[in-house]
Amino acid sequence: MKILTAEFIKSATRPGNYPPDELPEIAFAGRSNVGKSSLINVLVNRKSLVRTSATPGRTQLINFFNINDKFSLVDLPGYGFAKVPLAVKKSWGPMIRTYLEIRESLRGVIFIFDVRRIPREEDLRMLDWLEEFAVPTIPVITKIDKIKRSQLEKQIKPIVAETGLPRDAFTLFSATTRDGSDEIWERIETALENENLSRGEEQ
């Protein structure tokens, strides 16, 4: 995928604020501090299209980005950070669930896991929503450069076990080395090619 333009469109918290659903969308979801912003920036070859923060849980909005005037990337709020105010925590679930349920232009979700963390209740709830709303899911395991290569499969095993997804469904990614970025783009392009297919409908 050659990125010619990548521009911020707007932020939103509810459907009335979403931009018009004229372009197919690929959303990114995952726990706070899982490397979501870094993944998006690497994919679009921009250093700071999406702001990264030293404070997990800072992204509390749904952020929309126009890519090549052909499709949109959507950064969903990171969830699960303990120090975020309770009112914000309570808003995350409904905000994300509503988007997944009603957004007709959504073609797939990049669901991100940190290779050093076992999936928790919030992650499994997200998987349930993706299944419930028949959203094609592209699972990605990030930060693979943070552990020794000899320990990689040992770290991946509990993620596979907890999610119940097949091992070969996961793409391994490093923002430092850019490993995995080509494979993620291939999966995104496959999802976008199905833009004329209703969610949940078999090819």
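Could you please state how large a percent of the accessible area of the range 89-185 is carbon and sulfur, counting protein chains only and using a 1.4 Å probe? Walk me through the numbers before you get to the answer.
Working: 2370 of 4940 Å².
For the range 89-185, the apolar C and S fraction of the accessible surface comes to 48 percent.
The stretch between GLU121 and GLU193, if pulled fully straight at 0.36 nm per residue, gains 22.7 nm over its current Cα-Cα span.
Each residue, ARG97 and GLU153, gets one label point 7 Å from its Cα in the Cβ direction; the gap between the two is 3.9 nm.
The values are calculated or read from the model by the stated rules, or taken from the named source; none is laboratory data. Because the structure is a prediction, the values reported are computed rather than measured. Because the Cβ atoms are built from the backbone with ideal geometry, glycine has one as well, and the counts that use them run over all protein chains shown. Areas reflect the complete protein model, heavy atoms only, side chains present, ligands, DNA and RNA absent. Shrake-Rupley method; radii C 1.70, N 1.55, O 1.52, S 1.80 Å.
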